[in-house]
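Here it is, the structure in full.
The values are calculated or read from the model by the stated rules, or taken from the named source; none is laboratory data. Keep in mind the model is a prediction, meaning the values are calculated, not measured. Every residue, glycine as well, gets a Cβ built from its backbone with ideal geometry; the counts of neighbours run over all protein chains shown.
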Amino acid sequence: MTWTEPAALRRLSWGGYRTRYAIGLGLIVLGIAATLLASSFTLWFLLIGPLVQLLGWLVMPGALWRRLVVAIPCMVAGLALLTGPDFLGVFAVLLAGWLLVRHRPLLPYLALVLPIAASWVLHGALSNYGQNWVGIVAGVVVTVVAAWVARWLAIVRFRLRAGRIPSQSGGTLR
């Protein structure tokens, strides 16, 4: 028995899984990046970024209710990244939204510790708004690593549970 992405097992009403995954992830990343490009000279990015991110969450394959639940909190988290190093903890909100939309079980949510811990470290290390780009880059790297750790934890959980399926002789399958 091999592990398969839980979201990939869902019947989609339109489009293919890989296409929707790639487009959705791309739009989410582009939406957050566009939001972070906003300044007093480019305020229109504050309109475009969150809308592109919202579209990305809606395109992602997964249960509709999950995509709707994470859309607004993740859009607000993307906007909060504009405020500087004090709010780098919102990467945990983005990761939690990702885990919910990807249909991860409870164990992978332990990976949320990584962006939360990184935000504490970065908050202490970064002293002014001019260093925000360092915090953003570090937060993105830690969040991506945490997403992969969460995937690994989901696979480990699956394998542990698959090993406990009782056989017909009364033992467990290994």
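Any chance you could count how many residues in region 1-32 are within 21 Å of G78 (Cα to Cα) and of a type in the set (A, V, I, L, M)?
8
Quick check on G56: is it under 23 Å from W148 (Cβ atoms) and either in a helix (DSSP H, G or I) or basic (K, R) (or both)? If you could, list the steps in order and put the result at the bottom.
Values: under 23 Å from W148 (Cβ atoms): yes; either in a helix (DSSP H, G or I) or basic (K, R) (or both): yes.
Yes, satisfied.
Another question, if that's okay. Of all the residues that make up region 99-113, how many are surrounded by fewer than 21 Cβ atoms within 10 Å (Cβ to Cβ) and either part of a helix (DSSP H, G or I) or in contact with a Gly (Cβ under 9 Å, 6 or more places away or on another chain) (or both)?
Filtering region 99-113 for residues surrounded by fewer than 21 Cβ atoms within 10 Å (Cβ to Cβ) gives 100, 103, 105-107, 109-110, 112-113.
Keeping just the survivors that are either part of a helix (DSSP H, G or I) or in contact with a Gly (Cβ under 9 Å, 6 or more places away or on another chain) (or both) gives 100, 103, 107, 109-110, 112-113.
Final tally of qualifying residues: 7.
Scanning for something crowded, with 16+ Cβ neighbours inside 10 Å, within 17 Å of the chain's Cα centre (by Cα), part of a helix (DSSP H, G or I) and of a type outside the set (F, W, Y), does region 6-14 turn up at least one residue?
Step one: list which residues in region 6-14 are crowded, with 16+ Cβ neighbours inside 10 Å, which gives 7.
Now drop any that are not within 17 Å of the chain's Cα centre (by Cα), which leaves 7.
Filter once more, keeping what is part of a helix (DSSP H, G or I): 7.
Now restrict to residues that are of a type outside the set (F, W, Y): 7.
Scanning region 6-14 turns up at least one residue that is crowded, with 16+ Cβ neighbours inside 10 Å, within 17 Å of the chain's Cα centre (by Cα), part of a helix (DSSP H, G or I) and of a type outside the set (F, W, Y).
Shifting gears a bit: Given the residues R67, R104, R159, R151, which is the only one that is more than 18 Å from G26 (Cα to Cα), touching a Leu at 6+ places or on another chain (Cβ under 9 Å) and of a type in the set (K, R)? Step through it out loud before you land on a result.
Working: R67 fails: more than 18 Å from G26 (Cα to Cα); R159 fails: touching a Leu at 6+ places or on another chain (Cβ under 9 Å); R151 fails: touching a Leu at 6+ places or on another chain (Cβ under 9 Å).
The unique qualifying residue is R104.
Next up: Under 9 Å between Cβ atoms, which residue pairs at least 6 apart in sequence (or on different chains) link something in region 124-142 that is surrounded by 11 or more Cβ atoms within 10 Å (Cβ to Cβ) with a partner that is not hydrophobic (A, V, I, L, M, F, W, C) and not in a helix (DSSP H, G or I)?
Pairs found: L126/G84; Y129/G84; Q131/G84; N132/G84; G135/G84.
Going through region 112-171 one residue at a time, which ones are at pLDDT 80 or above and either of a type in the set (S, T, Y) or on the phi > 0 side of the Ramachandran plot (or both)?
Of everything in region 112-171, those that are at pLDDT 80 or above and either of a type in the set (S, T, Y) or on the phi > 0 side of the Ramachandran plot (or both) turn out to be S119, T143.
Could you list, in sequence order, all residues of region 15-47 that are under 15 Å from M60 (Cα atoms), in a helix (DSSP H, G or I) and small (G, A, S)?
Keep residues of region 15-47 that are under 15 Å from M60 (Cα atoms), which gives 15-31.
If we keep only those that are in a helix (DSSP H, G or I) too, we end up with 17-31.
If the condition is that a residue be under 15 Å from M60 (Cα atoms), in a helix (DSSP H, G or I) and small (G, A, S), then A22, G24, G26, G31 are the ones that fit.
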